[in-house]
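Below you'll find the structure, written out as structure tokens, and then a few comments.
The values are calculated or read from the model by the stated rules, or taken from the named source; none is laboratory data. Treat the numbers as computed from the prediction; the structure is a model and nothing was measured. Here the Cβ positions follow ideal geometry from the backbone for every residue, glycine too, while neighbour counts run over all protein chains shown.
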Amino acid sequence: MLDRRQVLGAGASAAAVTVASKGWAAAPAADGVAKLNALMDRFFQEGLEAQPENATELALDKGANAGLKARLEDVSTDGMAKARARNAEHIKALKALDRNQFKGMDRVNYDTVLYVEEATKPLMDLDIGGRDGFSPSCYVLSPITGAYQRVPVLLDAKHSIETGADADAYLARLDGFATAIDANTDRLRHDVGKGVIPPDFLLDITIGQLKALRTATDKSDLVASLERRASAKGLTGYGTRAASIYEHRVGPALDRQIAALQAVRPSATHDAGVWRFKDGPAFYAANLKYTTTTNMTPEEVHKMGLDQAAEIGARLDVLLKKRGLTQGAVGQRIAGLYKDPTLYYPNTDEGRAQLLAYLQAQLKEVEARLPQMFDRLPHQRIEARRVPPNIEDGSPLAYSESAPMDRSRPGTINFNLKDTGEWPKWNLPSTLYHEGLPGHQLQGGLAQESQGIPILRKNMYFSGYGEGWALYAEQLAYELGMYENDPLGEIGWLKAQIFRAGRCVVDTGMHAMRWSREQAIEYLMGLDGDAVGSTTREVQRYCAIPAQACSYKIGHTFWNRQRDRAKAALGPRFDIKAFHDAGLLSGAMPLDVLADAIGGYVESAKA
């Protein structure tokens, strides 16, 4: 999931430079390198100005960028046209530079930034969907896309209130929220005109979540958040001003959006895949490339998922038999584990607190083992938190959010605890390692703190690279011995792996092979035995953001292939810590560029 700050001390900074100065590193800066670095700095600043929310996410909405704290992204048709123009100009500026002049890290930077721009272009050119979700979606409004989903969380959890200027900026953003809602509503009508209508089940959830957000003014969390936090700083009158904006601007905009979706609802079908509208296949192909950073076809992804599901299923079969679970398919036997009431936390607030406390303790334990495989760890606090209850219905089961650049907030691992019955204790560790350590929080944190790459690269995200790393991180937790005294946890880890293989099958199944939502749910439940509620939400997520779910297993497979490649080439000279440095300290990148970086590590290690 897109995204992820205190600058490191001299020791860590020097270590990062050492990695970048080996055989594959850049030559001394020349005119071309200076131009490339200047372009990347300009692109980063333009990105902050176009998407001011990112400035707040990164705690960069201060100083020269303080004005960004009062703004939101322009998600209107005009705003999207400007984004397309920036994209075209960026490609032109990059291609005006001679790639052959760049070596090592400079070439990694060039190839990575150009890839982003070129992979984004076909999605923008289709002129459908929106940019409000954590991955491109052909639906501007869905259970997990749209300003109605994104902005309330930003305002409450990310927009800090320390001064009157901060509170005034909140009010400006609250007013801008109404504008963004209406812009999304206009884009919905634009897309409907092109035949792009979300499936009926996605519309129903979206309408339900919007109605939950559209409360009476005196019950609005948007108003209460500012009033509470401003009052704590001795700032008065802000609750009344926020209530007026909500009453006259935000509430009516929400009403209009709800009405627009209700008007579309009779035209919606139950078909899950994007194959059903004209630009659907083109969107799926473009997003498959964008999210996986490969040229794999849907048919190739589908087959890979089937093959890996069979392989992982065989490993699960052995472990389940050791526990005396011999009857039925693997998925049926895993489903049997869900029936043991002793393996759950109570579905109460107290039970949820116990669950989160367990996760925090596990984070501390795995962190203590990481030096066995890593030379350096990010300097940030990490917390396990509950997904806000008002967005649980459309939220993934878990997701990671990085700490800001100044580390003023912790990185968070967010668990959907709508029903703790969807979280047996043996299913928690692998998710924690994926989203936290040594997963997203470690990978993203190290990239942010690396002193060898420009700020644009520190904050890039590629789903194939990042989600692939997170699955590989689950494997590292196993290799670090986190399951030595937890055989059920090991089953939970492999169950998570077979689930990701199944994602490749059902995502391509729905969007390229015309599977129904029900067929996808049935397949996944049969594969991993998961609960119907969580499986249904997962499948609906794949409907809302086509192709992204394929990136996990594809990326994991790629990371393992690179490690096997380095081991084969280096033999006893292979160093797992150096391998991880080579893959992580260069920041996120497309998978082909990652292969080049690992190739550079191999060559330097040979020398």
Sole residue being closer than 29 Å to residue 279 by Cβ, surrounded by 24 or more Cβ atoms within 10 Å (Cβ to Cβ) and modelled with pLDDT under 95, chosen from 508, 535: 535
Select the helices (runs of 4 or more DSSP H) contained entirely in the stretch 366-466, then report the ones holding at least 1 residues which are among the hydroxyl-bearing types (Ser, Thr, Tyr). 428-435
Pick from 164, 193: which is under 30 Å from residue 511 (Cβ atoms) and surrounded by fewer than 23 Cβ atoms within 10 Å (Cβ to Cβ)? 193
Residue that is more than 24 Å from residue 590 (Cβ to Cβ) and of a type outside the set (A, V, I, L, M, F, W, C), where the choices are 444, 466, 526: 526
Name the residues in the stretch 124-153 that are closer than 16 Å to residue 77 by Cβ and assigned to a helix (DSSP H, G or I), would you? 124, 125, 126, 147
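Each row is one residue, and each column tells you yes or no for (1) in contact with a helix residue (DSSP H, G or I) (Cβ under 8 Å, 6 or more places away or on another chain); (2) modelled with pLDDT under 95; (3) under 25 Å from residue 331 (Cβ atoms); (4) not hydroxyl-bearing (Ser, Thr, Tyr).
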residue	(1), (2), (3), (4)
498	yes, no, yes, yes
542	yes, no, yes, no
559	yes, no, no, yes
568	no, no, no, yes
Please work out which residue is nearest to residue 443 (Cα to Cα), limiting yourself to the stretch 573-594 and to residues that are modelled with pLDDT of 95 or more and surrounded by fewer than 18 Cβ atoms within 10 Å (Cβ to Cβ). 577
Looking at the stretch 128-143, can you tell me whether even one residue there is under 18 Å from the mean Cα position of the chain (by Cα), among the β-branched types (Val, Ile, Thr) and at pLDDT below 95? no
Tell me yes or no: at least one residue of the stretch 135-152 is of a type in the set (Val, Ile, Thr) and in contact with a Ser or Thr (Cβ under 8 Å, 6 or more places away or on another chain). yes
Residues of the stretch 510-546 being of a type in the set (Ser, Thr, Tyr) and part of a helix (DSSP H, G or I), in sequence order, are 523, 534, 535, 536, 542
Tell me, please, whether a residue that is in contact with a Ser or Thr (Cβ under 7 Å, 6 or more places away or on another chain), surrounded by fewer than 24 Cβ atoms within 10 Å (Cβ to Cβ) and part of a loop (DSSP other than H, G, I, E, B) can be found in the stretch 481-501. no
Filter result for the condition that a residue is of a type in the set (Val, Ile, Thr), under 30 Å from residue 520 (Cβ atoms) and part of a loop (DSSP other than H, G, I, E, B), over 236, 294: 294
Report yes if residue 549 is of a type in the set (Gly, Ala, Ser), more than 18 Å from residue 471 (Cα to Cα) and either assigned to a helix (DSSP H, G or I) or touching a His at 6+ places or on another chain (Cβ under 8 Å) (or both), otherwise no. no
If a residue has to be more than 25 Å from residue 137 (Cβ to Cβ) and either assigned to a loop (DSSP other than H, G, I, E, B) or hydrophobic (A, V, I, L, M, F, W, C) (or both) to count, how many in the stretch 552-567 make the cut? 2
Need pairs with beta-carbon distance below 7 Å; first residue more than 10 Å from residue 245 (Cα to Cα) and within the stretch 153-182, second assigned to a helix (DSSP H, G or I) and among the acidic types (Asp, Glu); sequence gap 6+ or separate chains. 154/53; 156/221; 158/57; 160/166
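For every residue, the table says whether it meets (1) at pLDDT 95 or above; (2) in contact with a His (Cβ under 9 Å, 6 or more places away or on another chain); (3) acidic (Asp, Glu).
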| position | (1), (2), (3) |
| --- | --- |
| 461 | no, no, no |
| 470 | yes, yes, no |
| 475 | yes, yes, no |
| 478 | yes, no, no |
| 485 | no, no, no |
| 492 | yes, no, no |
Qualifying residue in the stretch 307-322 (condition: among the basic types (Lys, Arg), touching a Pro at 6+ places or on another chain (Cβ under 9 Å) and more than 27 Å from residue 436 (Cβ to Cβ)): yes
Which condition breaks for residue 454 when tested against (1) out of contact with any Leu (no Cβ under 6 Å at 6 or more places or on another chain); (2) farther than 21 Å from residue 379 by Cβ; (3) surrounded by fewer than 24 Cβ atoms within 10 Å (Cβ to Cβ); (4) not charged (D, E, K, R)? (2)
Give the residue that is surrounded by the most Cβ atoms within 10 Å (Cβ to Cβ), with candidates limited to residues of the stretch 391-411 that are more than 24 Å from residue 530 (Cβ to Cβ) and of a type in the set (S, T, N, Q). 402
Within the stretch 162-178, identify whether any single residue is outside any helix (DSSP H, G or I), farther than 19 Å from residue 129 by Cα, modelled with pLDDT of 95 or more and among the charged types (D, E, K, R), and answer yes or no. yes
Could you look through the stretch 52-89, keep only residues that are of a type in the set (S, T, N, Q) and in contact with a Leu (Cβ under 9 Å, 6 or more places away or on another chain), and pick out the one that is surrounded by the fewest Cβ atoms within 10 Å (Cβ to Cβ)? 65
Please give the helices (runs of 4 or more DSSP H) falling wholly within the stretch 26-106 in which 3 or more residues are at pLDDT 95 or above and within 28 Å of residue 603 (Cβ to Cβ). 31-50
Given the conditions (1) in a helix (DSSP H, G or I); (2) over 30 Å from residue 92 (Cβ atoms), every one holds for residue 197 apart from (1)
